[in-house]
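What follows is a short report on a single structure.
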């Protein structure tokens with residue numbers, strides 16, 4: 001059965017346009033690509049029409065696959081679509097066209113064209129070089145690398161726009177202005193992260209021969225005293241309330257419940273949950289291999305309830321997939337691993353369902369909760385540090401502040417207090 005018999009509505013428009021273009025050979029492959037990722041027939045047809053429209057527009061200009069670049073894609077999306085007169089039934093929705101072209105370029109493996117979003121070529125090249133440095137030289141984790149690339153991208157876009165990136169023309173005053181406006185109203189930790197991202201980028205440029213000492217010195221230092229606050233934790237009643245908010249009869253509910261048990265019982269970070277693979281579970285020994293920061297691999301015990309939640313998901317909830325990650329996507333595009341947003345959404349959605357959305361805004365509260373339970377049960381700090389995989393024992397000392405019974409025993413009387 002041909003591709004065009006599978007896509008019934010509106011097939012003629014797309015077929016004619018693809019057949020006239022140099023990209024005709026990719027038509028069947030594109031439909032198969034979307035179908036294999038679980039998209040509905042209506043969505044496949046809609047995306048196919050968008051790509052057929054782009055291919056037709058491209059061929060009318062005498063261009064082919066080798067001519068596709070970011071400028072051409074943006075010209076089609078921003079200039080042609082709003083005033084299109086190609087045919088009465090053309091798809092003119094920018095969101096649909098952007099999504100359809102992203103999938104098309106991903107299928108072709110055309111990395112440069114895959115970035116349909118408006119990222120100027122000079123900035124994209126600069127970010128690619130910086131990303132390579134973070135991976136090959138610094139060994140930075142995926143989540144940290146994503147934060148640094150985003151912060152640097154915002155600086156370069158703010159300062160240079162579509163013009164060539166010339167760091168020598170960047171002044172300390174412009175760096176200060178950007179940081180102050182970018183972080184206005186944000187928490188000290190976020191301000192500190194932005195400064196760290198820019199400092200890392202300027203250090204990279206210095207290693208390439210560009211003098212950036214003045215730019216690094218211009219980055220503001222953030223006053224953030226260690227151990228200044230108390231870690232936010234969930235009470236036993238709140239934990240029970242949250243765990244009861246999952247529909248464990250549905251596939252997505254089983255996945256999200258197992259994700260939450262990994263966060264709560266093991267104190268895993270979001271990225272560690274997303275990276276957890278089937279090969280990392282030793283069911284006989286009841287252990288997990290955790291791939292954490294700095295490419296570390298640590299062996300931790302697998303609690304019974306956590307193992308039961310993962311096993312239930314693998315047996316009854318996990319869709320058929322070739323992925324080796326434990327947790328995978330349940331909505332198109334299928335056959336993909338669960339990313340950081342899916343891990344975070346699993347707990348945020350549950351918190352919203354049970355009225356805890358003001359308490360559970362992210363996943364780190366589970367890490368704090370697990371550590372605080374261990375402290376209050378009398379576990380040694382070295383044991384807590386090992387389970388949290390802290391490199392420095394000082395990182396664990398914050399949890400001493402919530403061991404109230406022990407603090408009462410060592411507290412001195414208040415001066416002037418009458419006995």
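Among rounded, prolate and oblate, which fits segment 121-218 when a ≥ b ≥ c are the square roots of the eigenvalues of its C-alpha gyration tensor, a/c under 1.5 means rounded, and a/b larger than b/c means prolate? Numbers along the way, then the final one.
Details: a/c = 1.39, a/b = 1.07, b/c = 1.30.
Rounded shape, in that the Cα axes give a/c under 1.5.
Can you put 165, 343, 41 in order, fewest other beta carbons within 10 Å first? Walk me through the numbers before you get to the answer.
Details: 165 18, 343 24, 41 14.
The fewest-first ordering by Cβ neighbours comes to 41, 165, 343.
Using the 10 angstrom Cβ neighbour count as an exposure proxy, how do 370, 107 rank, fewest first? Each step should come with its number before you reach the end.
On the way: 370 22, 107 16.
Ordered from fewest to most neighbouring Cβ atoms within 10 Å, 370, 107 come out as 107, 370.
What's the exposure ranking of 232, 272, going from fewest to most Cβ atoms within 10 Å?
Lowest count first: 232, 272.
What is the calculated FRET efficiency for residue 206 to residue 37, with r their C-beta to C-beta distance and R₀ = 25 Å, to the nearest 0.05? Can you show the working numbers first?
On the way: r = 43 Å, r/R0 = 1.71.
Efficiency, rounded to the nearest 0.05: 0.05.
Want the number for residue 331 to residue 247: 0.36 nm per residue separation, take away the alpha-carbon distance, what's left? Walk me through the numbers on the way to the answer.
Details: separation 84, 0.36 × 84 = 30.24 nm, distance 1.69 nm.
The residue 331-residue 247 span can extend by a further 28.5 nm.
So how do 236-249, 141-154 stack up, highest first, on mean other-Cβ count within 10 Å?
Highest to lowest by the protection proxy: 141-154, 236-249.
Since every read-out is calculated from the coordinates, none of them should be taken as a lab result. A quick note: this is a predicted structure, and the numbers were derived from the prediction, not measured. Here the Cβ is made from the backbone with ideal geometry for all residues, glycine too, and neighbour counts use every protein chain on show.
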